[in-house]
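Notes to accompany the following structure.
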Amino acid sequence: MSYGTRVVLTRSGLVISLLLLLQFGPALGLVDRLTLLPLSEIAAGVFDLARGGDFWQHLWASTYSIVSAFAIATVGGVALGYLLWRHPVAYKALNPYLVSYYATPVFAFYPILIVLFGANRIPIVLIAVGWAIVAVIMPTVEGLHRVSNAWEKVGEVYHLSPWQMFWQIRLPAALPYVGSGVKLAVTYSILGVVASEFILSSEGLGYLVSSTFNNFRLEQMWGSIAAVLLVAVALNRLANFMTTSGRFFR
Amino acid sequence: MHAQAVDAQFPDGPGRRGVAERVVDTAPWWVFVAAMLVWIAAGSLLPNAVASPIAAWDALAEGFGEGWMWSPFEATMRATAIGSMIAVATGLTTGVLAGLSRFWGDVLEPMFLAVYSMPKIIFYPVVMLVFGIGVQSTTAFGVANGVLPVVIITFAAVRTVPLIYLKVGRVYGLGRLEVFRSIVIPVVLPSVITAVRYGFSLTFLGVILAEMFAAREGMGRELFKAISLHHLGRLFAFALLLLAIALVVNTLLLLLEKRIQRRASGARRKGMALASASA
């Protein structure tokens with residue numbers, strides 16, 4: 001068989017063995033039943049949750065927070081990236097902070113946001129935006145910088161306005177870099193929303209995991225964990241699909 | 001990197017630094033000053049949301065002076081230190097092994113990226129079921145958070161060792177270990193420092209997150225307590241302490257990274273010269 005096929009088969013084999021371990025591990029006594037439930041019971045837990053009333057409300061709250069955070073981070077990130085590219089001094093000034101940004105505990109500012117905006121979804125969305133926006137800014141600056149001079153000259157020949165230059169030449173040229181930033185933004189939006197809900201909120205999938213854990217409802221806890229993972233995988237796949245081959249712009 | 005392009009506009013070479021370049025060099029400090037001004041303003045405009053710098057400083061001084069800050073500080077930093085070492089050691093090993101084998105690299109790469117994109121915090125309850133509430137759990141979660149970026153960065157770095165270097169190794173008849181020691185390691189070293197930087201930072205973040213959720217001690221727990229009790233002075237003291245630690249360690253490791261990068265590109269030029277001489 002070809003190399004490619006061998007790679008795919010090996011990978012599938014690994015995933016299947018992992019799922020089998022998840023299913024039969026607890027039964028065989030390899031893993032404590034208190035820690036890990038068999039896969040079938042996790043699946044049952046997911047259905048259980050889905051039938052119960054609040055799950056959909058939590059799912060909706062989390063999903064639209066993630067999507068809003070992602071939208072704001074992407075648009076804002078590209079805009080800020082453009083501004084920083086235009087003003088290298090500002091970029092140089094902010095660079096040490098941008099580069100170390102991923103390491104900062106942004107959610108420590110949650111209380112300020114609650115006082116400013118109330119104990120609703122907005123602080124959570126803003127924290128996720130705070131986390132994700134830098135992931136978009138940096139690659140945007142890099143991508144804009146790498147737009148070939150030849151293309152910029154074409155724009156000058158056609159007397160394009162700055163907005164047209166940006167929208168029709170610079171941004172499409174920078175898209176591969178921006179695309180990689182966008183993919184990271186999806187990850188960080190999900191992370192930001194779920195982590196904030198997990199620790200500091202009373203609504204959403206993250207909250208569901210922590211509350212089911214605190215109430216020792218282990219099937220439902222695993223069910224909500226599975227739900228979060230499914231949402232994360234789905235959104236990441238969607239983002240991957242939309243950013244590859246510049247689909248978005250053509 | 002754009003930073004290098006910007007640096008090209010403001011070159012570092014001796015004798016080329018004018019007044020303008022030196023002023024721009026201090027630019028990050030202006031941002032710091034501006035941030036302080038915003039903070040002072042916010043402290044007076046929004047007293048029930050923001051503690052003034054003075055209040056935060058007082059809380060910090062009191063904390064270290066009277067000692068109630070030392071215990072959580074030590075607990076968190078100990079968990080972070082141990083966690084980082086485990087995360088970096090495991091991550092480097094896994095990344096190098098996966099990177100050296102083309103087959104296993106291709107098999108595992110999508111899996112690494114898929115796991116990276118999942119929010120690991122939701123697994124913390126499971127970690128607690130295994131390790132109980134305490135420093136073992138927070139350390140374990142820190143490791144879980146920090147190991148994957150180390151793997152991914154190291155893996156990518158090992159995969160991109162230019163084939164021509166390895167051919168030079170073969171020309172010289174070097175054994176596998178020698179190839180690894182004298183070719184792969186020097187090329188990969190800058191990325192290893194990057195990986196260590198990410199490993200430490202994300203382990204630190206993981207430990208704090210875990211402590212905020214459930215722990216017996218630690219700065220994350222104190223931060224969470226301050227949030228719940230709306231103890232603004234302490235809240236800001238802890239938040240800024242955490243920020244400071246993150247920034248300082250990151251900047252130090254970044255400087256180390258840049259220094260190794262400069263030496264590595266020197267070595268690379270020598271390697272290329274060697275390669276073209278023997279080609």
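The values are calculated or read from the model by the stated rules, or taken from the named source; none is laboratory data. Computed from a prediction, not measured in an experiment: that's the story for all the values here. Cβ: placed from backbone, ideal geometry, glycine included. Neighbour counts: every protein chain shown. Just so you know, the surface numbers come from the protein's heavy atoms only, side chains and all, with ligands and any DNA or RNA stripped out. Shrake-Rupley method; radii C 1.70, N 1.55, O 1.52, S 1.80 Å.
Show the residue pairs meeting these rules: Cβ distance below 8 Å; 6+ apart or different chains; first residue within region A:216-242 and facing chain B (nearest Cβ under 10 Å); second residue open to solvent by 20 Å² or more (accessible area, probe 1.4 Å) and of a type in the set (Ser, Thr, Tyr).
Listed by first residue and then by second, the contacts come to A:VAL231/A:THR63.
Within region A:90-118, restricting attention to residues that are outside any helix (DSSP H, G or I) and either touching a residue at least 24 places away in the same chain (Cβ under 8 Å) or at the interface with chain B (Cβ under 7 Å from one of its Cβ atoms) (or both), which residue is farthest from B:VAL196 (Cα to Cα)?
Step one: filter region A:90-118 for residues outside any helix (DSSP H, G or I), giving A:100, A:104-105, A:118.
Going one step further and asking which of them are either touching a residue at least 24 places away in the same chain (Cβ under 8 Å) or at the interface with chain B (Cβ under 7 Å from one of its Cβ atoms) (or both), we end up with A:100, A:104-105.
On the way: A:SER100: 13, A:THR104: 16, A:PRO105: 18 Å.
The residue in question is A:PRO105.
In region B:111-148, what residues are modelled with pLDDT of 90 or more and in contact with a Lys or Arg (Cβ under 7 Å, 6 or more places away or on another chain)?
Residues satisfying the conditions are B:ALA144, B:ASN145.
Cβ-Cβ distance below 7 Å, separation of 6 or more or different chains: which pairs start in region B:125-139 with a residue that is within 8 Å of chain A (Cβ to nearest Cβ) and free of Cβ contacts under 8 Å to residues at least 12 places away in the same chain and end on one that is open to solvent by less than 20 Å² (accessible area, probe 1.4 Å) and assigned to a loop (DSSP other than H, G, I, E, B)?
As it stands, the answer is B:VAL126/A:THR35; B:LEU129/A:THR35; B:VAL130/A:THR35, since those pairs meet every condition given.
Just wondering, is there one or more residues in region B:71-84 that are over 30 Å from B:VAL192 (Cβ atoms) and either out of contact with any Gly (no Cβ under 8 Å at 6 or more places or on another chain) or at pLDDT 85 or above (or both)? Explain how you work it out, then say what you get.
Taking region B:71-84 as the starting set, the residues that turn out to be over 30 Å from B:VAL192 (Cβ atoms) are B:71-72.
Narrowing further to those that are either out of contact with any Gly (no Cβ under 8 Å at 6 or more places or on another chain) or at pLDDT 85 or above (or both): B:71-72.
Scanning region B:71-84, I find at least one residue that is over 30 Å from B:VAL192 (Cβ atoms) and either out of contact with any Gly (no Cβ under 8 Å at 6 or more places or on another chain) or at pLDDT 85 or above (or both), so the answer is yes.
Residues of region A:113-144 being surrounded by fewer than 21 Cβ atoms within 10 Å (Cβ to Cβ) and more than 20 Å from the chain's Cα centre (by Cα), which ones?
Of everything in region A:113-144, those that are surrounded by fewer than 21 Cβ atoms within 10 Å (Cβ to Cβ) and more than 20 Å from the chain's Cα centre (by Cα) turn out to be A:LEU113, A:ILE114, A:VAL115, A:LEU116, A:PHE117, A:GLY118, A:ALA119, A:ASN120, A:GLU142.
Identify all residues within region B:86-103 that are more than 8 Å from chain A (Cβ to nearest Cβ), exposed (fewer than 15 other Cβ atoms within 10 Å of the Cβ) and part of a helix (DSSP H, G or I); write none if there are none.
Result: B:ALA89, B:THR93, B:ARG102.
Go through B:GLU178, B:GLU211, B:GLU217 for me and flag whichever is acidic (Asp, Glu), surrounded by 17 or more Cβ atoms within 10 Å (Cβ to Cβ) and at pLDDT below 90. Let's see the steps before the verdict.
Working: B:GLU178 fails: surrounded by 17 or more Cβ atoms within 10 Å (Cβ to Cβ); B:GLU211 fails: at pLDDT below 90.
Residue meeting the stated conditions: B:GLU217.
Can you confirm whether B:ILE227 is surrounded by 24 or more Cβ atoms within 10 Å (Cβ to Cβ), at the interface with another protein chain (Cβ under 10 Å from one of its Cβ atoms) and touching a helix residue (DSSP H, G or I) at 6+ places or on another chain (Cβ under 7 Å)? Before the answer, list the steps.
Values: surrounded by 24 or more Cβ atoms within 10 Å (Cβ to Cβ): no; at the interface with another protein chain (Cβ under 10 Å from one of its Cβ atoms): yes; touching a helix residue (DSSP H, G or I) at 6+ places or on another chain (Cβ under 7 Å): yes.
The answer is no for B:ILE227.
For region A:193-207, how many residues are at the interface with chain B (Cβ under 7 Å from one of its Cβ atoms) and open to solvent by 10 Å² or more (accessible area, probe 1.4 Å)?
Summing the residues that are at the interface with chain B (Cβ under 7 Å from one of its Cβ atoms) and open to solvent by 10 Å² or more (accessible area, probe 1.4 Å) in region A:193-207 gives 1.
Modelled with pLDDT of 85 or more, open to solvent by less than 40 Å² (accessible area, probe 1.4 Å), touching a helix residue (DSSP H, G or I) at 6+ places or on another chain (Cβ under 8 Å) and within 11 Å of another protein chain (Cβ to nearest Cβ), is that true of B:LEU232?
No.
So which residues in region A:43-80 are under 18 Å from A:THR243 (Cα atoms), crowded, with 22+ Cβ neighbours inside 10 Å and either out of contact with any helix residue (DSSP H, G or I) (no Cβ under 9 Å at 6 or more places or on another chain) or not aromatic (Phe, Trp, Tyr) (or both), if there are any at all?
A:ILE66, A:ALA69, A:ALA73, A:THR74, A:GLY77, A:VAL78, listed by residue number.
Evaluate the following for A:TRP85: is it open to solvent by less than 60 Å² (accessible area, probe 1.4 Å), within 12 Å of chain B (Cβ to nearest Cβ) and more than 30 Å from B:ALA210 (Cβ to Cβ)? Give the derivation first.
Working: open to solvent by less than 60 Å² (accessible area, probe 1.4 Å): yes; within 12 Å of chain B (Cβ to nearest Cβ): yes; more than 30 Å from B:ALA210 (Cβ to Cβ): yes.
So A:TRP85 passes the test.
Quick one: would you say A:THR243 is surrounded by fewer than 24 Cβ atoms within 10 Å (Cβ to Cβ), under 30 Å from A:LEU39 (Cβ atoms), among the hydroxyl-bearing types (Ser, Thr, Tyr) and in contact with a helix residue (DSSP H, G or I) (Cβ under 8 Å, 6 or more places away or on another chain)? Outline the logic, then answer.
Working: surrounded by fewer than 24 Cβ atoms within 10 Å (Cβ to Cβ): yes; under 30 Å from A:LEU39 (Cβ atoms): no; among the hydroxyl-bearing types (Ser, Thr, Tyr): yes; in contact with a helix residue (DSSP H, G or I) (Cβ under 8 Å, 6 or more places away or on another chain): yes.
In short, no.
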